[in-house]
Every structure is written in C-alpha cells, then in structure tokens.
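A.B. asks: Structure incoming, see below.
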Amino acid sequence: MNAGMEFKLSHLQSMLLFALLISIAFGFLSRRRPIDRVKYIVWSLFLFLLIGVGIGWAMYPFSH
Amino acid sequence: MANETVVPAAVQQDSRRETIAFLIGVGGWLVPGLGHALLRMWGRAVMCFLTVGVLVILGAGMRGNVFSSSGNDAFDTLGFLADLGTGTFYLAARSLEANGADVSHAGGDYGTRFLATAGVLNLLAALHSYEAARGRKA
C-alpha cells in the first residue's frame, strides 16, 4: 500500500465489515459442515448487527 | 512384561504428538492459516488467512494504532500483545502504515480495533489448530 492509500469508511460500513469478517471466521472455526457454517455465520452476523445497533440506540439519549 | 515395553512407547508417541501439535500451533500463529493448512483443513486455513489479512489491511488502511513494545501503560502493552497475535502480519501492518496512526477521528479508532481483533482472532485460530493436532477438536 502506498502512502496515499487510505480507507475512509463510515461507522455503519466499519461495523458491517467487522461483523461479517468475524462471523465468517467464527463460522469456519466452530462448525464443520458447510450448511452448519452458513447457519452459524448468518445467525452470528444478525446478532452482531442487532446488538451493535441496539447499543447505538441505547447511547443515543446521552449524546444530546 | 508386555506392559513395560508398551507403556514407554505410548508415552513417547504422546510426547511426539504434543511436540508436533505445539509446532503446528506456533506455525498457525506466525502465518495465519498455516496451522490448519498443515492439518489439511483447507477451508479453515484459507478463511483464517483471508479474514486476518483483510482485518490487518483494513486496520492499517484506516490508520489504526499499531502498538509497539515500548508502551507507556498497561493498555499499550495489552494492545501490543493483541497486535502481536497476527504473527508476521504484525510486521506487514507496520510497513503498510506509511503515514503512521491517526486516532483523532473515528476511522483510526476503528482501525485500532480491527488490528487488535485480527491478532486475537489469529491466536484463537492457532489455539484451535493446536487442539485439533492433539486430537481434541474436529
């Protein structure tokens, strides 16, 4: 990567990428059968996003 | 008499297996996915390499903090240990971050988390390969 190359991601994009990558890694490490992996990844991703957005909304009143 | 010859052989075999498992774990730490590749778990090997690699590239690209060994406090030391978990990718992260860290905005802060997560995730994968080599995990 050269000196000028930087990633500018929004909060939502960062959260989505983080949740997706971690879910995939967890799914592959903890499950063996492909169908089980897909189920685990989808469920893990859903929970990551639900909890992330939930905590975001829970903090919202304190930001005003 | 038969037991006296069988038991040492079994112990020796266990010891050898432990050594190989340890080396596989260390290999998995140094190069993400290598531990699983040595065990012919190709899917896990590729995904470990890719997820850890992408997290490191994103973290460095977002100008996250790559902690060094000369930390000022316990949090810096913990950050260094987490970053070091990426093995050789730690050196890659340092070289990728040509402009240095910038945690004055949210992107840099996210980058720091990405890098630390990559390290901890790789340690988890290395531990998994070690346990698999010992025959404790499938």
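The values are calculated or read from the model by the stated rules, or taken from the named source; none is laboratory data. Since the model is a prediction, treat every value here as computed from it, not as a measurement. Here the Cβ positions follow ideal geometry from the backbone for every residue, glycine too, while neighbour counts run over all protein chains shown.
A.B. asks: So, in segment B:121-138, exactly how many residues are at the interface with chain A (Cβ under 9 Å from one of its Cβ atoms) and of a type in the set (G, A, S)?
C.D. replies: The qualifying residues number 2.
A.B. asks: Just to check your reading of the model, which residue among B:F67, B:F49 is aromatic (F, W, Y) and either within 13 Å of chain A (Cβ to nearest Cβ) or under 15 Å from the mean Cα position of the chain (by Cα) (or both)? Before the answer, list the steps.
C.D. replies: Numbers: B:F67 fails: either within 13 Å of chain A (Cβ to nearest Cβ) or under 15 Å from the mean Cα position of the chain (by Cα) (or both).
None of the other options fit; the residue is B:F49.
A.B. asks: Could you grab the pairs with beta carbons closer than 7 Å, sequence gap of 6+ or different chains, first residue in segment A:51-64 and over 22 Å from A:L16 (Cα atoms), second one in a helix (DSSP H, G or I) and at pLDDT 90 or above?
C.D. replies: none
Quick grid of which residues meet (1) on the phi < 0 side of the Ramachandran plot; (2) at pLDDT 90 or above:
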| site | (1), (2) |
| --- | --- |
| B:L81 | yes, yes |
| B:L84 | yes, yes |
| B:L96 | yes, no |
| B:Y110 | yes, yes |
| B:A118 | yes, yes |
| B:A132 | yes, yes |
| B:G135 | no, no |
| B:A138 | yes, no |
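A.B. asks: In addition: Would you check which residues across segment B:115-126 are surrounded by fewer than 23 Cβ atoms within 10 Å (Cβ to Cβ) and either acidic (D, E) or touching a Gly at 6+ places or on another chain (Cβ under 7 Å) (or both) and list them?
C.D. replies: B:V120, B:L123
A.B. asks: Would you please name the residue that is surrounded by the most Cβ atoms within 10 Å (Cβ to Cβ), looking only at residues in segment B:58-114 that are under 18 Å from A:I22 (Cβ atoms) and of a type in the set (S, T, Y)?
C.D. replies: So the residue we want is B:T86.
A.B. asks: Condition first: more than 8 Å from chain B (Cβ to nearest Cβ), in contact with a Ser or Thr (Cβ under 9 Å, 6 or more places away or on another chain) and touching a residue at least 24 places away in the same chain (Cβ under 8 Å). Can you find one or more residues in segment A:23-31 that meet it?
C.D. replies: yes
A.B. asks: Can you tell me which residue in segment B:26-37 is farthest from B:N122 (Cα to Cα), limited to those that are in contact with a helix residue (DSSP H, G or I) (Cβ under 7 Å, 6 or more places away or on another chain) and surrounded by fewer than 24 Cβ atoms within 10 Å (Cβ to Cβ)? I'd like the intermediate steps shown before the answer.
C.D. replies: Of all residues in segment B:26-37, those in contact with a helix residue (DSSP H, G or I) (Cβ under 7 Å, 6 or more places away or on another chain) come to B:27-29, B:32-37.
Going one step further and asking which of them are surrounded by fewer than 24 Cβ atoms within 10 Å (Cβ to Cβ), we end up with B:27, B:29, B:34, B:37.
Values: B:G27: 11, B:W29: 6, B:L34: 11, B:A37: 14 Å.
That would be B:A37.
A.B. asks: Return a yes/no flag: does segment A:52-61 have any residue that is modelled with pLDDT of 95 or more, more than 12 Å from every other protein chain (Cβ to nearest Cβ), over 17 Å from the mean Cα position of the chain (by Cα) and surrounded by fewer than 19 Cβ atoms within 10 Å (Cβ to Cβ).
C.D. replies: No, every residue in segment A:52-61 fails to be modelled with pLDDT of 95 or more, more than 12 Å from every other protein chain (Cβ to nearest Cβ), over 17 Å from the mean Cα position of the chain (by Cα) and surrounded by fewer than 19 Cβ atoms within 10 Å (Cβ to Cβ).
A.B. asks: Identify the residue in segment B:92-138 that is more than 30 Å from A:R31 (Cα to Cα) and of a type in the set (S, T, N, Q) and, among all such residues, is nearest to the chain's Cα centre (by Cα). First the steps, then the outcome.
C.D. replies: We begin by selecting, within segment B:92-138, every residue more than 30 Å from A:R31 (Cα to Cα); these are B:94-109.
Imposing the further condition that a residue be of a type in the set (S, T, N, Q) reduces the set to B:95, B:99, B:104.
Details: B:S95: 18, B:N99: 25, B:S104: 28 Å.
It comes out as B:S95.
A.B. asks: Also: Would you pick out the residues in segment B:103-120 that are in contact with a Lys or Arg (Cβ under 9 Å, 6 or more places away or on another chain), within 9 Å of another protein chain (Cβ to nearest Cβ) and over 8 Å from B:G59 (Cβ atoms)?
C.D. replies: Passing the criteria: only B:G107.
A.B. asks: Kindly establish whether A:L17 is within 7 Å of another protein chain (Cβ to nearest Cβ), without any contact (Cβ under 8 Å) to a residue 40 or more places away in the chain and under 9 Å from the mean Cα position of the chain (by Cα). Please lay out each step first, then the result.
C.D. replies: On the way: within 7 Å of another protein chain (Cβ to nearest Cβ): yes; without any contact (Cβ under 8 Å) to a residue 40 or more places away in the chain: yes; under 9 Å from the mean Cα position of the chain (by Cα): yes.
Yes, satisfied.
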